[in-house]
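> Got a structure for you, written out below as structure tokens; questions coming shortly.
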Amino acid sequence: MKVAFLFLSVLPFYASSQYNSDASVNNVVINIVPETKEILNVLHIRSRADVNKDGQLKIIPDPTAAPFGAHFREGLNMHDNANPIKRYYLSPAILLSNETIIMFQRAKRTDKSYLFACSALVHELTHYYQEILVPDNYFDDKDGKHMKAYILQPSEFESFSVQSYYFIKHNDINLLNKIMNSNQPLDRKKELLINAFLVQAENAQPLF
Ligand SMILES: [Zn+2]
């Protein structure tokens with residue numbers, strides 16, 4: 001993670017005709033960006049070197065998204081084929097479900113649903129920043145029955161790690177400290193964070 005990227009957090013993120021005047025969503029995004037970058041640093045996840053060449057990142061409502069679903073769209077991805085990690089995005093966008101937008105507009109911002117919505121944004125921001133490429137044979141776990149294979153893809157493993165760190169930090173700081181202060185290798189800590197997220201956020205079983 002390179003410090004030079006910090007300029008991004010001062011850009012107006014939220015641009016859409018429907019919610020253009022909604023400062024609450026913009027505030028959520030602006031607050032979450034620096035925290036996402038901090039977590040990328042802590043977890044040694046590399047960001048693209050040429051983020052500063054990107055067009056403005058937009059946050060767009062997606063009424064067709066599943067509840068709390070979110071999606072990162074690269075938008076006219078510019079690749080230097082000799083060095084794809086130097087890619088940058090001309091019109092990047094994060095699409096958020098109606099449920100997530102409504103959650104960001106609410107005054108009460110302490111419950112688990114709100115935290116989950118924030119963590120979904122953190123996940124997509126990680127996809128936006130991350131240096132590693134999504135592979136051509138990217139596997140989308142559409143039926144939800146192959147979660148482990150889905151999460152173990154390098155780009156998803158990074159995004160789930162950062163999302164999980166964020167969620168556990170705000171939901172169970174003692175567990176976060178216990179995992180991060182353990183003697184485990186960093187990749188194992190990421191697995192333990194994802195396990196904790198699956199249990200605490202999704203009421204699911206640990207995968208690792
Ligand atoms: Zn993802």
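Taken together, the values in this text are just the output of simple stated rules run on the coordinates, not laboratory data. Just so it is clear, the model here is predicted, and its values are computed rather than measured. We place every Cβ from the backbone using ideal geometry, glycine too, and count neighbours over all the protein chains shown.
> Taking every DSSP beta bridge that has both residues in the chain, what percent is antiparallel when rounded to the nearest 5?
60
> Can you check what the net charge comes to around ASP172, using other residues whose Cβ is under 13 Å from the Cβ of ASP172 (Lys, Arg +1; Asp, Glu -1)?
+3
> Could you tell me which trypsin sites (Lys or Arg not before Pro) in segment 63-110 are loop residues by DSSP with no more than 16 other beta carbons within 10 angstrom of their beta carbon?
ARG106, LYS108, ARG109
> Using only the alpha carbons, work out the radius of gyration and Dmax of the chain in angstrom.
Calculated on Cα positions, Rg and Dmax stand at 16.5, 49 Å.
> Return the subset of LYS58/LYS86; LYS145/LYS189; LYS58/LYS112; LYS37/LYS58; LYS37/LYS169; LYS37/LYS190 for which the Cα-Cα distance in this structure is over 19 Å, preserving the input order.
LYS58/LYS86; LYS145/LYS189; LYS58/LYS112
> Only Lys, Arg, Asp and Glu count, each charged at its Cβ (+1, +1, -1, -1), so figure out the dipole size of segment 3-202 about its Cα centre, rounded to 20 debye.
Computed about the Cα centre, the dipole is about 400 debye.
> What are the semi-axes of the equivalent ellipsoid of segment 34-77, taken as the square roots of 5 times the eigenvalues of the Cα gyration tensor, listed largest first and rounded to whole Å?
Working from the Cα gyration tensor, I get semi-axes of 23, 17, 9 Å.
> Tell me, VAL199, VAL51, VAL122 in order of fewest to most beta-carbon neighbours within 10 Å?
VAL199, VAL51, VAL122
> Counting only residues 5 or more places away or on other chains, whose amide H sits under 5 Å from the amide H of TYR88 once H atoms are built in the peptide plane?
MET78
> Moving to a separate point now. Could you list PHE139, PHE116 in order of exposure, starting from the residue whose Cβ has the fewest other Cβ atoms within 10 Å?
PHE139, PHE116
> Now for a separate question. Using 0.36 nm times the number of residues separating ILE30 and VAL134, minus their current alpha carbon distance, what extension gain do you get?
On the way: separation 104, 0.36 × 104 = 37.44 nm, distance 2.55 nm.
Roughly 34.9 nm would be gained on extension.
> Now for a separate question. Between GLU38 and ASP143, what is the FRET efficiency for a Förster distance of 35 Å, r being their Cβ-Cβ separation, to the nearest 0.05?
Efficiency at R0 = 35 Å is approximately 0.50.
> Give the peptides 152-162, 75-85 in descending order of average Cβ contacts within 10 Å, highest first.
Result, highest mean first: 152-162, 75-85.
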